[in-house]
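The values are calculated or read from the model by the stated rules, or taken from the named source; none is laboratory data. Quick caveat, the model's predicted, so the values are computed rather than measured. No Cβ is skipped: glycine too gets one built from the backbone with ideal geometry, and neighbour counts run over all protein chains shown. Please note that ligands, DNA and RNA were not included when accessible areas were found on the heavy atoms of the full protein model with its side chains. Shrake-Rupley method; radii C 1.70, N 1.55, O 1.52, S 1.80 Å.
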Amino acid sequence: MKKLIVPSILSADFARLGDEVRAVKDAGADWIHVDVMDGHFVPNISIGIPVVESLAKSAPPPMDIHLMIDNPDEFVEKFIDAGGDAVRGVTVQIETCKLLYSTISAIKARGVSAGIALNPTTPLSALEEVFEYVDMILIMTVEPGFAGQKFIHSMVPKVRKLRDIIDRSEHKPLIEVDGGIKLDNIHVIAEAGADAIVSGSGIFHTESYAETISLMRKAVSGK
Ligand code: DX5
Ligand code: ZN
């Protein structure tokens, strides 16, 4: 399948967020990745429901919401309602879910894609009992919390192993990868088997979003 390029707005200029999202849309972004942080699960606070609500009104690319918050069960439905038809999916961190099956069911009941994210130190085996219910698995390639961190190379075999598990399974969730991915290493993660590739500073901190996304596409084509 075609690899999806997903800019993370965490690295956008928040004072001009609407323009930034329009710019990456015009530059060919497949989705936009919306990082929600609560200052508890991760040591940073980013954006929340009102921002999702405003962005949804500006015809954004499909919104890929990544919740890095404690007690996501309290919030998944509020985010989906805020984003309406603009939301393509919501991903929760497996480390934050006490009732994971219920969380996944609540997301799917709203008709959007249910994703589960794994921190770098969370093993793939944590997915075992929920694998067949999820629509997307997000492998974190940095510790969640901040943009602009260094890609953790030892996550490449983890992605490869997950690709192999999915290829041998009848159930085919998408693999998303997030953290430290830029033009110079995107081919590595594409070759390992990622379907959707998030990049924050690797896109928003470049001069031309269109040129960067098109070079990224070239780098992943055929991988
Ligand atoms: C990290 C976030 C990422 C981040 C990626 O906690 O989940 O989505 O914005 O930023 P870069 O691509 O700069 O590492
Ligand atoms: Zn993210």
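Worth pointing out:
- Checked against the criterion of being under 12 Å from residue 138 (Cβ atoms) and not small (Gly, Ala, Ser), the candidates 181, 197, 166 yield just one match: 197.
- Matching residues in the range 14-30 - criterion: being outside any helix (DSSP H, G or I) and either over 17 Å from residue 91 (Cβ atoms) or open to solvent by less than 20 Å² (accessible area, probe 1.4 Å) (or both): 27, 28, 29
- Filter pass, residue 11 being under 23 Å from residue 216 (Cα atoms), of a type in the set (Ser, Thr, Tyr) and surrounded by fewer than 22 Cβ atoms within 10 Å (Cβ to Cβ): yes
- Pairs, first among the polar types (S, T, N, Q) in the range 174-189, second crowded, with 24+ Cβ neighbours inside 10 Å, C-beta under 9 Å, six or more apart: 185/202
- Among the residues of the range 198-207, those that are within 15 Å of ligand 2 (Cβ to nearest atom) and either touching a Leu at 6+ places or on another chain (Cβ under 7 Å) or free of Cβ contacts under 8 Å to residues at least 24 places away in the same chain (or both) comprise 200, 202.
- Taking the listed residues 179, 200, the one that is open to solvent by less than 70 Å² (accessible area, probe 1.4 Å) and touching a helix residue (DSSP H, G or I) at 6+ places or on another chain (Cβ under 7 Å) is 200, with no other qualifying.
- Tally, over the range 175-198, of residues that are near ligand 1 (Cβ under 10 Å from one of its atoms), among the aliphatic types (A, V, I, L, M) and part of a loop (DSSP other than H, G, I, E, B): 1
- Among the candidates 131, 146, the residue that is of a type in the set (Phe, Trp, Tyr) and within 16 Å of ligand 1 (Cβ to nearest atom) is uniquely 146.
- The listed residues are 170, 143, and the only one of them that is surrounded by fewer than 16 Cβ atoms within 10 Å (Cβ to Cβ), within 15 Å of ligand 2 (Cβ to nearest atom) and either assigned to a loop (DSSP other than H, G, I, E, B) or among the β-branched types (Val, Ile, Thr) (or both) turns out to be 143.
- Just one residue in the set 23, 15 is without any contact (Cβ under 8 Å) to a residue 24 or more places away in the chain, away from ligand 2 (no atom under 16 Å from the Cβ) and either among the hydrophobic types (A, V, I, L, M, F, W, C) or in contact with a helix residue (DSSP H, G or I) (Cβ under 7 Å, 6 or more places away or on another chain) (or both); that residue is 15.
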